[in-house]
1. Within region 87-97, is even one residue within 16 Å of ligand 1 (Cβ to nearest atom), touching a residue at least 12 places away in the same chain (Cβ under 8 Å) and open to solvent by 50 Å² or more (accessible area, probe 1.4 Å)?
2. Looking only at residues that are part of a loop (DSSP other than H, G, I, E, B) and free of Cβ contacts under 8 Å to residues at least 60 places away in the same chain in region 288-306, which one is farthest from ligand 1 (Cβ to nearest atom)?
3. Confirm whether E68 is modelled with pLDDT of 90 or more, in a helix (DSSP H, G or I), open to solvent by 70 Å² or more (accessible area, probe 1.4 Å) and acidic (D, E).
4. Filter region 108-130 for residues that are farther than 25 Å from L55 by Cα and in a strand (DSSP E or B); which is nearest to ligand 2 (Cβ to nearest atom)?
5. Do the conditions hold for G11, that is, is it open to solvent by less than 50 Å² (accessible area, probe 1.4 Å) and in a loop (DSSP other than H, G, I, E, B)?
6. Assuming I258 fulfils every condition listed in (1) under 26 Å from I137 (Cβ atoms); (2) in contact (Cβ under 8 Å) with a residue 60 or more places away in the chain; (3) out of contact with any Gly (no Cβ under 9 Å at 6 or more places or on another chain) apart from one, which condition is it?
7. Out of the residues in region 143-157 that are farther than 24 Å from C99 by Cα and more than 16 Å from ligand 1 (Cβ to nearest atom), which is modelled with the lowest pLDDT?
8. For region 216-238, name all the residues that are among the hydrophobic types (A, V, I, L, M, F, W, C), within 19 Å of G152 (Cβ to Cβ) and within 16 Å of ligand 1 (Cβ to nearest atom).
Amino acid sequence: MSTLLELLRDGRFHSGQALGEALGVSRSAIWKQLQLLEAEWGVVIHKVRGRGYQLASPITLLSSAEIERLAPGNGWVIKVLESVDSTNAEALRSIERGCPAPFLVLAERQTAGRGRRGRKWVSPFAENIYYSLVLRIDGGMRQLEGLSLLVGLAVMHALRETGVQGVGLKWPNDVLVGQKKIAGILLELVGDPADVCHVVLGIGVNVNMQNAEEVDQEWTSVRLESGKVIDRNQFIARLSEGLVAYLECHRLKGFSAIREEWEQNHLWQGRAVSLIAGVNKVEGVVLGIDHQGGLRLSVEGEERVYSGGELSLRLRDGS
Ligand code: ATP
Ligand code: BTN
């Protein structure tokens, strides 16, 4: 499928015959593939009698060679998939098969992209970034402290460098522009966190997406914020370089070295919030985070720290 897209991606017209000849298949096989691209992958294709087929807008596909060229030196094996259930799920399967970490799994689309607590991450073809970096952790719990918060900082910087203004963080794992979600982070862990384990840093960034009716909360994308079509390979290279720098700082100095910067970029610092854990709700004011990335809240005049993957933060009315 991607070979056909490669041929079409220049945004020019291509006849069915020329496409068939290039791929060594019949014109009707090309027609079927184009139907599938439209129906299943949501790619819009213009069909004009006598001229052939043209993509409604040119597409730049992900390329591991291009990413390696733009961000050389980190030595990660990069696996680019056309379509996958979830890059995090694929990363976990690769760990099970014994693939040596670090490695990176990217996909053009996800059919079962996942957020926290089994929520769905909307993942259309060739528009956004679906990124799962696998690391082997053998330094015990300390190396895991605040890891998802650190990833948020790296994503935030990559977005700023790409021209998104007003981007900031929401504890624990959201990257927002104002109230709108532009990126989400999902860490998944296998093994023994106190000894040797693997962690998957799953990152979804809305890059060129302009419509997504299925997303049931406020959202935005780099394109909507900056007005520009973004080269995803470039963004991935930038994000990877930022991540490497933060991971190195975290490895050498621990999360405390990053804590202050995180608080400075927390959009809800000092705000009145509700912290929700299932049916339980705590009301307080955000003081910041602690040295392990836990949320510090002032609750009835007392400081309390909360951590764990099942917590959600909401602003209280009038905050
Ligand atoms: P929290 O519960 O921490 O307040 P949240 O409501 O954003 O955060 P998450 O589990 O972190 O929930 O993220 C999953 C949610 O993100 C989905 O339920 C959906 O509302 C939203 N979502 C899904 N796909 C996208 C997307 N591509 N862009 C922005 N938001 C999305
Ligand atoms: C969230 O905000 O709930 C987290 C969303 C994380 C989405 C990314 S996309 C790449 C990786 N693969 C997944 O299935 N999820 C993460």
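The values are calculated or read from the model by the stated rules, or taken from the named source; none is laboratory data. What you see is a predicted model; the values in this text were computed from it and never measured. With ideal geometry, Cβ positions are generated from the backbone for all residues, glycine too; neighbour counts draw on all protein chains shown. All accessible areas refer to the heavy atoms of the entire protein, side chains included, with ligands and DNA or RNA removed. Shrake-Rupley method; radii C 1.70, N 1.55, O 1.52, S 1.80 Å.
1. Within region 87-97, none of the residues are within 16 Å of ligand 1 (Cβ to nearest atom), touching a residue at least 12 places away in the same chain (Cβ under 8 Å) and open to solvent by 50 Å² or more (accessible area, probe 1.4 Å).
2. Within region 288-306, the match that is farthest from ligand 1 (Cβ to nearest atom) is G301.
3. Yes: the conditions hold for E68.
4. Step by step, filter region 108-130, then rank; the result is R114.
5. When the stated conditions are applied, G11 passes them.
6. Every condition holds for I258 apart from (3).
7. Per the criteria, the residue is E145.
8. Across region 216-238, the qualifying residues are W219, V222, F235.
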